[in-house]
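**Q** Okay, handing you the structure first.
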Amino acid sequence: MCPVWKVRAAMGYLKGLQPYLEKNYERSIFDAAAQSRKPWELYIHGHRVIVCKIYKNLKYDILSSQPGGGEMHLSKLQIKLLYPLEVASRVRGMIRIDEEVRSMNLDPILAAGARRFVKNKSLFPLMMEREVVFFTLLEGEVIRGIIAGFSRYDITVHLKGGVPIAILRHAIYDLKNRRGRSFLKDFQEEQRDWEKSDLYVP
């Protein structure tokens, strides 16, 4: 049976989306982090920031170690975003906080069907057209940048100066552009902004 994203909608499709997904959809930032053999900085639910080396990408967890500590398992659902430690000083100054969202004290969303989903059809035009977007995470972190890539699990965003960070898709609260237009699935199912892209083939 074909993956859902391989089936073109009867009313049209986005040129280039299917080849992109075939190449990139099953990739994971945790595999890349493990292969780098370098320390990474992770934002964890509970307003925690930790530094660790990631050794293995497991199904639901990652195997890692913190400086001076032994091996530990971290649940992926507890991780909101990550980036190489070498860019940490630049990233920290570019992450803002939405106090209203933070005050909601939202927990990780365990049920996949209850998450605040962004469709691939929304992400792809934003990436290809290099539109500046704003991600808000479940604990209020706001990340401004340009989408540089995405997979089933995470979205790579380039901040000012091209600094890369990876956002876990399960940690997203909202995604908007400069005009405040939301790209969450619930809104876009009706608005269908991807059909306004030059990439859309009716």
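The values are calculated or read from the model by the stated rules, or taken from the named source; none is laboratory data. Computed from a predicted structure; not experimentally measured. Please note: Cβ atoms are built from the backbone with ideal geometry, for glycine as well, and neighbour counts cover all protein chains shown. What goes into the accessible areas is simple: the full protein's heavy atoms, side chains included, and nothing from ligands, DNA or RNA. Shrake-Rupley method; radii C 1.70, N 1.55, O 1.52, S 1.80 Å.
**Q** Given q = 0.08, 0.10, 0.11, 0.19 Å⁻¹, what are the Debye log10 I(q)/I(0) values for the chain, with equal point scatterers placed on the Cα positions and solvent ignored?
**A** One equal scatterer on each Cα of the chain leads to -0.27, -0.43, -0.52, -1.49.
**Q** Also, I was wondering about something else. Of the options Ile155, His170, Ile143, report the single residue whose Cα projects farthest towards the positive end of the charge dipole of segment 136-202 (beta-carbon charges: Lys, Arg +1; Asp, Glu -1).
**A** The residue sitting most towards the positive pole is Ile143.
**Q** Then there's this: Cut-off under 18 Å on the C-alpha distance; same-chain residues fewer than 8 positions from Lys53 excluded. Which lysines are left, in chain and number order?
**A** Qualifying lysines at Cα under 18 Å: Lys38, Lys76, Lys80.
**Q** Bin width 5 Å, alpha-carbon pairs only: give the P(r) of segment 18-91 as whole percents, running from 0 to the bin holding the largest distance.
**A** All Cα pairs, binned at 5 Å, distribute as 3, 15, 26, 25, 16, 9, 4, 1, 0 percent.
**Q** Work from the charge dipole of the chain (Cβ charges, +1 for Lys and Arg, -1 for Asp and Glu, about the Cα centre) and give the residue of Met94, Tyr60, Met127 farthest towards its positive end.
**A** Value: Met127.
**Q** Which aspartates and glutamates have a Cα less than 19 Å from the Cα of Lys23, not counting those fewer than 8 places away in the same chain?
**A** Here the aspartates and glutamates satisfying the reach criterion relative to Lys23 are Asp31, Asp154.
**Q** Expressed in whole Å with the largest first, what are the equivalent ellipsoid semi-axes of segment 75-124 derived from the C-alpha gyration tensor as the square root of 5 times each eigenvalue?
**A** 23, 17, 14
**Q** Taking Cα pairs under 8 Å and at least six residues apart, what relative contact order does segment 75-188 come out at, in percent?
**A** 32 percent
**Q** State which entries of Lys121/Lys160; Lys15/Lys196; Lys59/Lys121; Lys15/Lys59; Lys160/Lys196 exceed 20 angstrom in Cα-Cα distance in the structure shown.
**A** Check vs 20 Å cut-off fails for Lys121/Lys160; Lys59/Lys121; Lys15/Lys59; Lys160/Lys196.
**Q** Report, in whole Å, the centroid distance computed from the Cα atoms of segment 15-77 and segment 148-202.
**A** Each part reduced to its Cα centre gives a spacing of 20 Å.
**Q** Over segment 145-196, what percent of the accessible surface lies on carbon and sulfur atoms, probe 1.4 Å?
**A** Carbon-and-sulfur percentage of accessible area, whole number: 43.
**Q** Once you keep just the Cα pairs under 8 angstrom separated by 6 or more residues, what percentage relative contact order results for the chain?
**A** 22 percent
**Q** Here is a further query. Explain nothing, just the number: relative contact order of segment 43-112, from Cα pairs under 8 Å at least 6 residues apart, as a whole percent.
**A** Relative contact order for segment 43-112 comes out at 26 percent.
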